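A quick write-up on the structure given underneath.
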Amino acid sequence: MSAETPGQSTGTFTRLRLRFRDWRGNRPFWAGLFTLLGGLPIAYFPYATLKLGTMSLTMATTAGAGSLIIGVLLVTLGLTMWFQQATRVFAGIAAILLALVSLVVSNIGGFIIGFLLALIGGALALSWAPGNPAPQGAEPQNLPPAPTQDGAPAPGPYPVAGEQGPSYTLHKQADGGASQPVQANEPNGVHRVG
């Protein structure tokens, strides 16, 4: 192995983090996460029994089975957004509809927490679009050109300070109404409109 072998100097944590970042970047990750997290309180609260000292507080509703179904469906839709990106539009619409139904069926949508999370997740799934991969060997657009060996910047699309700008032919109106051509050189940094 040589000192230039990539990937050997990085630790296991760094490699796993980079792999996770690549995986997350190719799918509507945050949409799936919000939808999945929105399903948990919707399914949990109707079956929860809270204890406050010696007093038990049960929030069971007659529609507890409906709450469980909505919660499980939202969790499933969140996982679908992660692993089946082609169905993200269907999953987003279904998540929004289930979030709206949970307001009526499940303790005001899991006390508004699950409703808001599922609604945001569905909206993110609808708005997510896969990106186009950068062409091989393409240089990023927002970076300045690399300097040459003598340290001067490489020629780019913009003129260097001190250089003469482009030459324009201007027309000057004479007294008789006929226009006469006038040669003008614009200094660098001056822009003409018209």
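The values are calculated or read from the model by the stated rules, or taken from the named source; none is laboratory data. Since this is a predicted model, take the numbers as computed values, not measurements. Counting neighbours? That spans all protein chains shown, and the Cβs are built from the backbone with ideal geometry, glycine included. The area values use the complete protein model at the heavy-atom level, side chains included, leaving out ligands, DNA and RNA. Shrake-Rupley method; radii C 1.70, N 1.55, O 1.52, S 1.80 Å.
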Would you check which residues across the range 92-110 are open to solvent by 30 Å² or more (accessible area, probe 1.4 Å) and more than 13 Å from Ala43 (Cβ to Cβ) and list them?
Ile93, Ile96, Leu97, Leu100, Val101, Leu103, Val104, Ile108
Do the conditions hold for Val89, that is, is it within 20 Å of Arg24 (Cβ to Cβ) and surrounded by fewer than 14 Cβ atoms within 10 Å (Cβ to Cβ)?
yes
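Table: residues versus (1) under 23 Å from Gly121 (Cα atoms); (2) modelled with pLDDT of 85 or more.
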position	(1), (2)
Gly7	no, no
Thr10	no, no
Arg17	no, yes
Phe20	yes, yes
Leu36	yes, yes
Could you list, in sequence order, all residues of the range 118-133 that are in a helix (DSSP H, G or I) and either open to solvent by less than 40 Å² (accessible area, probe 1.4 Å) or over 21 Å from Phe90 (Cβ atoms) (or both)?
Ala118, Gly121, Gly122, Ala125
